[in-house]
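Reviewing the structure listed below.
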Amino acid sequence: MRNILLIIPILFLFTVSSCSDNDDDIPSTVESNTVSATIDGEVVKFENLVITKQPYSNEETGFEWTDIKVLGYNTQNELNAIEFIAEEGLMGAESIWRFNITINGFTYIQNNSAFTTLVTESTQNKLKGTFSGVLTEPNNGQTITVSNGIFNLDH
């Protein structure tokens, strides 16, 4: 009986601590069709967005999927761009399989676990999530640090 009396308060505390007003960790004030991040301490918004969808199928397995490709440019500096590709309907850390940011004409890529992406919503009409970490320029090895990356896209 004492075990049950101990378990009930623990379950209550766990339930209360895991609740959130917004379970997907994306602020509700983020407007649709925006991608932004802090890159090496400077906030960069990618506003000129081109979002395309490409269906694929594997004839051997019958597996079908659709990639959502996002390409965006910064209005203050057209040499700053972002590109990423996510699989529609797939959520979590493995659903973005390509991620690049170009700053001043140099393209920095995701090439190790120092950079993470998280898709929290992926439907036929919506792609939402976060990204952060270190991206590397493959030719010279220079890096950029990305924090507070967020996307909220209607497509």
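Structure notes:
- Residue that is surrounded by the fewest Cβ atoms within 10 Å (Cβ to Cβ) [pool: residues in the range 69-89 that are under 12 Å from the mean Cα position of the chain (by Cα) and among the aliphatic types (A, V, I, L, M)]: I85
- Residue match in the range 126-139 (condition: surrounded by fewer than 17 Cβ atoms within 10 Å (Cβ to Cβ) and closer than 18 Å to T66 by Cα): yes
- Subset of the range 65-96 [of a type outside the set (A, V, I, L, M, F, W, C), closer than 18 Å to N33 by Cβ and assigned to a strand (DSSP E or B)]: K69, G72, Y73, E83
- The range 74-101, residues that are acidic (D, E) and either within 19 Å of T120 (Cβ to Cβ) or modelled with pLDDT of 95 or more (or both): E83, E87, E88, E94
- Residues of the range 117-155 that are at pLDDT below 95 and in a strand (DSSP E or B): D154 alone.
- Some residue of the range 106-123 being without any contact (Cβ under 8 Å) to a residue 24 or more places away in the chain, closer than 14 Å to F151 by Cα and under 13 Å from the mean Cα position of the chain (by Cα): yes
- Scanning the range 101-116 for residues that are farther than 16 Å from T34 by Cα and outside any loop (DSSP other than H, G, I, E, B) yields T102, I103, F106, T107, Y108, I109, F115, T116.
- Here P55 meets each of (1) over 19 Å from F115 (Cα atoms); (2) at pLDDT 95 or above; (3) surrounded by 10 or more Cβ atoms within 10 Å (Cβ to Cβ) with one exception, condition (3).
The values are calculated or read from the model by the stated rules, or taken from the named source; none is laboratory data. In this text the structure is predicted, and so the values were computed from the model without any measurement. Positions of Cβ are generated from backbone atoms using ideal geometry, with glycine treated the same way; all protein chains shown enter the neighbour counts.
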